[in-house]
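Q: Sending over a structure as structure tokens; questions will come in a sec.
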Amino acid sequence: MTRPRLPFLRAATRVAAIAATTGVLLAFTPPASAAVPAGRYVALGDSYTAGPLVPTQVDLNCLRSNRNYPSLVAASAGSSSFADVSCSGATTNDILNSGSGYLGISVPPQLAAVTSSTALVTVQIGGNDIGFSGIISDCAEASLSSPFGSPCKDRYTAGGTDQLQARINAAAPKVTTVLQAVHAAAPAARVVVIGYPAILPDSGYGCWPVVPIAYQDVPYLRTVEKSLNSMLASAAAANNATYVDVYTPSIGHDACKSSGTRWVEGLIPENSAAPFHPNAAGEQGMANALLTKLNS
């Protein structure tokens, strides 16, 4: 791939200047020791996995944190070895093929980290395949001229076809290809697909201009995210993988909530995280959801 785009970052820079992020890393209290595979653990995924700008960043090329949910899960599970190869901006193609990161440094295929001895593989991918960055950018800009309308929905459903649903449908076989490749590389591994947490409130019309999405567009984009998660759940079920719902536990922790409550930051982050991305609390929340599922 060419240099990846951090989902939603272009939206922030095109709509408003981003203030310097502030805040401290929230303390993490690991859940009780989970009965998860204690062998080699490999984490694959995009920026929601990597944790861009969440302290401490240990890979600037991929904007990866050592306090993202895979790191928290590996520490809690006592994994015998751990490889986090998630990279901000990644698509399904970057799981299977090499590319380059934000510094222009080559990034091997994420799948290369999955070996025959791997016991656990987590996969969180698909958001960039449907163009999260462009969607948020388009919708945020459209809201400036029509904050009470549905300019984004009108654009993406013009002509009677929902373009975003079509993108989700097109991404489904790509996710399937990734899961099948993971199984082929590690036949004995438990494979887990992670969904995406709530970005917008689960009900109502959002909080424009704090989160610059027009009021009538909020229900539409909420439906889009739920459809994406539903596709990921179906792909997991059809390909011998476990699906972890992180949307439900994130309800009430969306970007419209207070800085101490939210799991996902808004346009101008108040906690250390990239715009419209999980902060430390969000990474912790996803870790807890994953551990709970693995231990069930």
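Derivation of every value follows stated rules applied to the coordinates shown; laboratory data play no part. From a predicted model like this one, the values you see are computed outputs, not experimental measurements. For neighbour counting, all protein chains shown are included, and Cβ atoms are generated from backbone atoms with ideal geometry for every residue, glycine included.
Q: Helix-derived [θ] at 222 nm for the chain: sum -39500 (n - 2.57) over DSSP H runs of at least 4, divide by residue count, nearest 500? Could you put the intermediate results ahead of the total?
A: On the way: 10 runs with 109 residues, N = 296.
-11000 deg cm²/dmol, from helical runs alone.
Q: Something else: Report the net charge of residues surrounding L291, where surrounding means a beta-carbon distance below 14 angstrom and charges are Lys +1, Arg +1, Asp -1, Glu -1. Please list the in-between numbers first.
A: Working: positive: R190, K293; negative: D245, E283.
Taking every Cβ under 14 Å from that of L291, the sum is 0.
Q: Moving on. Please compute the length gained on full extension between T223 and L103, using 0.36 nm multiplied by the number of residues separating them and subtracting their Cα-Cα distance.
A: Details: separation 120, 0.36 × 120 = 43.20 nm, distance 3.46 nm.
Net length gain for the segment: 39.7 nm.
Q: To the nearest 0.05, how large is the calculated FRET efficiency for V58 and I251 if R₀ is 35 Å and r is the Cβ-Cβ distance?
A: Details: r = 30 Å, r/R0 = 0.87.
FRET efficiency, V58 to I251: 0.70.
Q: Rounded to two decimals, what ratio of Rg to Rh does the stretch 88-216 give with C-alpha atoms and a Kirkwood Rh?
A: Values: Rg = 18.1 Å, Rh = 17.0 Å.
For the stretch 88-216, the value is 1.07.
Q: Provide the packing ranking of 105-112, 244-251, 125-132, i.e. peptides ordered by the mean count of other C-beta atoms within 10 Å per residue, highest first. Numbers along the way, then the final one.
A: On the way: 105-112: 17.0, 244-251: 18.9, 125-132: 23.5.
So the order, starting with the most tightly packed, is 125-132, 244-251, 105-112.
Q: Give me the Kirkwood hydrodynamic radius of the stretch 9-294, using the inverse of the mean 1/r over all pairs of distinct Cα atoms, in Å to one decimal. Present the calculation step by step, with values, prior to reporting the outcome.
A: Numbers: mean 1/r = 0.0529 Å⁻¹.
It works out to 18.9 Å.
Q: Tell me, how many Å apart are the Cα centres for the stretch 72-92 and for the stretch 167-193?
A: 17 Å
Q: What do you get for the angle between helix 280-294 and the principal long axis of the chain? Use alpha-carbon atoms, 0 to 90 degrees, nearest ten.
A: Rounded to the nearest ten degrees, it is 50.
Q: Taking only Cα atoms, what is the 0 to 90° angle, nearest 10, from helix 163-185's long axis to the longest principal axis of the chain?
A: The answer is roughly 10 degrees.
Q: Net charge near S146: determine it from the other residues with C-beta under 10 Å of the C-beta of S146, scoring Lys and Arg +1 and Asp and Glu -1. List each step's numbers first, then the result.
A: Details: positive: none; negative: D154, D217.
Charge balance in the 10 Å sphere: -2.
Q: A further question follows. Set the Förster distance to 45 Å, then compute FRET efficiency between E270 and N240 from the Cβ-Cβ distance, nearest 0.05. Can you show the working numbers first?
A: Working: r = 41 Å, r/R0 = 0.90.
With a Förster radius of 45 Å, E is 0.65.
Q: Among DSSP beta bridges lying fully in the chain, give the percent that are antiparallel, nearest 5. Walk me through the numbers on the way to the answer.
A: Working: 5 of 22 bridges.
Close to 25 percent.
Q: For S230 and E141, what does the FRET efficiency come to when R0 = 25 Å and r is the distance between their Cβ atoms, rounded to the nearest 0.05? Walk me through the numbers on the way to the answer.
A: Values: r = 28 Å, r/R0 = 1.10.
It comes out at approximately 0.35.
Q: Okay, next question. If I histogram all Cα-Cα distances within the stretch 165-232 using bins 10 Å wide from 0, what percent of pairs lands in each bin?
A: Whole-percent P(r) values from 0 Å outward: 18, 36, 26, 14, 5.
Q: Between helix 132-145 and the chain, what is the angle of the helix's C-alpha long axis to the longest principal axis, kept within 0 to 90° and rounded to the nearest 10?
A: For 132-145 against the chain, the angle is about 20 degrees.
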